[in-house]
Amino acid sequence: MMTTRRQRAPRAQGGYTLIEVMVALMLSTIGLLGTLAVQMTVMSASGNSNDAAIATQLATQTLEELSARTLTAGPPVVDQLSASAVTGWAAPKYLNAQGVTSAQKDAAFRFMREVRIENQGVGNPYNVSVRVSYSLDSGITKTVRIDQERRKTW
């Protein structure tokens, strides 16, 4: 009796092919690049909103300072805003984030503040305007402007 042995086909090895690994790496890289782009956008937007908040704070601080020196008690009552009233914007001042002023613009003093006080005449209020300009990292200039009507109280 002769027995014949059948030869079996070799079993396929388990595992991943090189093409499968490369496709998986490519998809992972695309996902990571997308996540990185979103994170960079969020960080840039956060910095820009911080600059806008500082500019708004500086403009509000200026309005409060002008409000504090509106009148000097009398007699006679002295209106301190009348000497500052002009038709155009006053000379710009440069500020840092803490509100310290400088005559020169540089990296630390990058917020430019301008003030305009318009006297509308006897019996009419002052129009007080403050604008603070600053540049974003992209070079685009942004401006925060606050206008306020200041009544004459004497």
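The values are calculated or read from the model by the stated rules, or taken from the named source; none is laboratory data. Remember, predicted model here, so these are calculated numbers, not experimental data. Heads up: the accessible areas ignore ligands, DNA and RNA and are worked out on the full protein's heavy atoms, side chains in. Shrake-Rupley method; radii C 1.70, N 1.55, O 1.52, S 1.80 Å.
Rounded to the nearest 10 square angstrom, Ser67 shows an accessible area of 50 square angstrom against a 1.4 Å probe.
What a 1.4 Å probe finds exposed on segment 18-154 is 60% carbon and sulfur by accessible area, rounded to a whole percent. Counting only protein heavy atoms and using a 1.4 Å probe, the accessible area of Val23 comes to about 70 Å². Potential lengthening of the chain between Ala53 and Thr41 amounts to 2.5 nm, from the contour at 0.36 nm per residue minus the alpha-carbon distance. Over segment 23-154, the fraction of Cα-Cα pairs per 10 Å bin, rounded to whole percents and listed from the shortest bin up, is 11, 31, 23, 15, 9, 5, 3, 1, 0. Straight-line cross-link partners of Lys152 among the lysines, defined as a Cα under 30 Å from its Cα and at least 8 positions apart when in the same chain: Lys93.
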